[in-house]
Amino acid sequence: MNISSISDSTIMEEYVKRFTIKAGKGIKTSREAADHFRAYFAESAKKREQFVVCFLNGQHRVLATETLFVGSITTSAVYPREVVQRILDLGAAAVMFSHNHPSGELTPSSSDRAVTKKLQTALAAIDVDVLDHIIIGGAEHYSFSDNRII
């Protein structure tokens, strides 16, 4: 098969099959989490920032992963109330956050740090753990947990 005859959607389907972690499975490393999240950003990676949440049960196994907010090329508004509502709907005990930087820059901005802190505070009030916040920039990622920000 000629590589040029493979459609973008076929490549995306293969990526999703290979790297997304199915409900009931655990995520062990920030690299696994980044690969899992990357599929959610593939189509919009160069267009818009998105904020994705992976909802986990008490044993830190995946319940669901959902895109909650879509923004512009440089920012995405995140509303803690909506995150809390979805956590309660799913009965999640922990979460991991991710958003993309279409620019490819991995360094967290001051607003990235502020929204993470705001979410941590809101979720601590309802006994939900924030395990990580991962920034996806192209093929690379930045983990708040690995860098001891969370």
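The values are calculated or read from the model by the stated rules, or taken from the named source; none is laboratory data. Bear in mind that the values here come from a model prediction, so they are computed numbers and not experimental data. As a convention, Cβ positions derive from the backbone with ideal geometry for all residues, glycine included, and neighbour counts pool all protein chains shown. For accessibility, only protein heavy atoms count, side chains too; no ligands or nucleic acids. Shrake-Rupley method; radii C 1.70, N 1.55, O 1.52, S 1.80 Å.
Here is how the numbers come out for the structure above:
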| item | result |
| --- | --- |
| Top-ranked residue of the range 136-150 - restricted to ones that are at negative phi, small (Gly, Ala, Ser) and assigned to a loop (DSSP other than H, G, I, E, B), ranked as most open to solvent (accessible area, probe 1.4 Å) | 139 |
| Flag for residue 94 being open to solvent by less than 10 Å² (accessible area, probe 1.4 Å), farther than 15 Å from residue 74 by Cα and in contact (Cβ under 8 Å) with a residue 24 or more places away in the chain | yes |
| Scan of the range 117-135 for residues that are within 16 Å of residue 82 (Cβ to Cβ) and either in contact with a Lys or Arg (Cβ under 9 Å, 6 or more places away or on another chain) or open to solvent by less than 30 Å² (accessible area, probe 1.4 Å) (or both), ordered by number | 119, 122, 123, 128, 130 |
| Verdict on residue 45 being in a loop (DSSP other than H, G, I, E, B), modelled with pLDDT under 95 and within 22 Å of residue 101 (Cα to Cα) | yes |
| Any hit, the range 81-95, residues being in contact with a Gly (Cβ under 7 Å, 6 or more places away or on another chain), at pLDDT 95 or above and closer than 23 Å to residue 29 by Cβ | yes |
| Near pairs, Cβ below 9 angstrom, 6+ apart or cross-chain, from the range 121-140 (more than 17 Å from residue 50 (Cβ to Cβ)) to any residue that is charged (D, E, K, R) and open to solvent by 50 Å² or more (accessible area, probe 1.4 Å) | 122/81; 123/129 |
| The listed residue being crowded, with 16+ Cβ neighbours inside 10 Å and either of a type in the set (A, V, I, L, M) or closer than 16 Å to residue 139 by Cα (or both), out of 84, 70 | 84 |
| Given (1) open to solvent by 40 Å² or more (accessible area, probe 1.4 Å); (2) assigned to a helix (DSSP H, G or I); (3) in contact with a strand residue (DSSP E or B) (Cβ under 6 Å, 6 or more places away or on another chain), number of the condition residue 32 does not satisfy | (3) |
| Selected residue (criterion: modelled with the highest pLDDT) from residues of the range 1-29 that are under 15 Å from the mean Cα position of the chain (by Cα) and in a helix (DSSP H, G or I) | 19 |
| Selected residue (only one of 76, 103 is under 22 Å from residue 39 (Cβ atoms), surrounded by 15 or more Cβ atoms within 10 Å (Cβ to Cβ) and polar (S, T, N, Q)) | 76 |
